[in-house]
Amino acid sequence: MTQPHKMIASRYEDESGKREFIRDLFDRAARHYDRIGVVGFFGTGHFYRRLALRRSGLKAGMKALDVACGTGAVTRAAVELVGDPKAVWGVDPSEGMLAEAKKNIDAQFESGDAERLPFDDDRFDFLSMGYALRHVEDLTATFLEYRRVLKPDGRLMLLEITRPRNALVRFFAWIYFGLLLPPISFLVTGSRDAREMMSYYWETIDACVPPETIMEALEKAGFRNVKRRVTLAIFSEYVADA
């Protein structure tokens, strides 16, 4: 078993507790998530997600799946590139997040976990996951499931925030994500749930396994041509072929 990070004892005691904690927290904070995203990332999120999807190979005519879609930030960009909302699916374990996504995005949505996707084998041409890899139980099991639902020539793209190796960059990342963003989230939304969500956001970034472990897990699951692109020393794009 390859966990994305060690247990965060202050939040839960085991994997079952982790699932329950994450689902409950994201259900409670779902209605604030998009506002935090706009403020916290200075309105650049949609541009970056669309750019990452396009340069990773998503294009018109494909069938795409966005795992852990949340409120649908990556899903929205995928629909724009594919051009057909019936060809794009979003899946998430949080009913609160799915409810927000369905309000604003014309796509197909299902409830489900990354490790147990509710789809047949060889279903999709492209699979994406945006900033949620830290929340799965087992990297290898998750990637095996991704490979199962992808067609033999399918493409995978994972977006993630990576703990910087450089001490100075890591310090500034901690200042922003760890110290500033949680209270900013509270000021913007008035929600303690939003503040807790962003505190947990940094905790999982700081504890996450290094990129090499993620890439090794992808290769172990059978993915080919595994590569990582880095933007601003902290934003990682993992791409691979099924």
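The values are calculated or read from the model by the stated rules, or taken from the named source; none is laboratory data. Quantities reported herein were computed from a predicted structural model and do not represent experimental measurements. Cβ coordinates were reconstructed from backbone atoms using ideal geometry, including for glycine residues, and neighbour counts include every protein chain displayed.
The table below gives the values:
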| item | result |
| --- | --- |
| Filter result for the condition that a residue is polar (S, T, N, Q) and more than 24 Å from Phe47 (Cβ to Cβ), over Asn166, Asn104 | Asn166 |
| Helices (runs of 4 or more DSSP H) wholly inside segment 175-242 that include at least 2 residues being crowded, with 19+ Cβ neighbours inside 10 Å, touching a Ser or Thr at 6+ places or on another chain (Cβ under 8 Å) and not hydrophobic (A, V, I, L, M, F, W, C) | 181-189 |
| Members of segment 136-156 found to be over 14 Å from Arg116 (Cβ atoms) and out of contact with any Gly (no Cβ under 6 Å at 6 or more places or on another chain), listed by number | Leu139, Thr140, Leu150, Lys151, Pro152, Asp153, Gly154, Leu156 |
| Per-region count, segment 67-90, residues polar (S, T, N, Q) and in contact with a Leu (Cβ under 6 Å, 6 or more places away or on another chain) | 0 |
| Sole residue being more than 30 Å from Leu187 (Cα to Cα) and either among the small types (Gly, Ala, Ser) or in contact (Cβ under 8 Å) with a residue 40 or more places away in the chain (or both), chosen from Gly45, Gly57, Gly72, Gly40 | Gly57 |
| Condition met for Ile175 (among the β-branched types (Val, Ile, Thr) and within 27 Å of Glu20 (Cβ to Cβ)) | no |
| Positions within segment 109-119 being of a type outside the set (Phe, Trp, Tyr) and either buried (at least 20 other Cβ atoms within 10 Å of the Cβ) or in a strand (DSSP E or B) (or both), in sequence order | Glu110, Ser111, Asp113, Ala114, Arg116, Leu117 |
| Test: residue in segment 139-161 that is basic (Lys, Arg), assigned to a helix (DSSP H, G or I), modelled with pLDDT under 95 and under 27 Å from Ala217 (Cβ atoms) | no |
| Selected residue (only one of Asp106, Asp122 is over 24 Å from Glu15 (Cβ atoms), touching a strand residue (DSSP E or B) at 6+ places or on another chain (Cβ under 6 Å) and part of a loop (DSSP other than H, G, I, E, B)) | Asp122 |
| In segment 120-152, the residues that are of a type in the set (A, V, I, L, M) and either within 17 Å of Thr204 (Cα to Cα) or surrounded by fewer than 19 Cβ atoms within 10 Å (Cβ to Cβ) (or both) | Met129, Ala132, Leu133, Val136, Leu139, Ala141, Leu144 |
| From Glu137, Glu110, residue being under 18 Å from the mean Cα position of the chain (by Cα), farther than 17 Å from Thr2 by Cα and of a type in the set (Asp, Glu) | Glu110 |
| Test result for Lys151, touching a helix residue (DSSP H, G or I) at 6+ places or on another chain (Cβ under 8 Å) and either free of Cβ contacts under 8 Å to residues at least 24 places away in the same chain or more than 17 Å from Gly37 (Cβ to Cβ) (or both) | no |
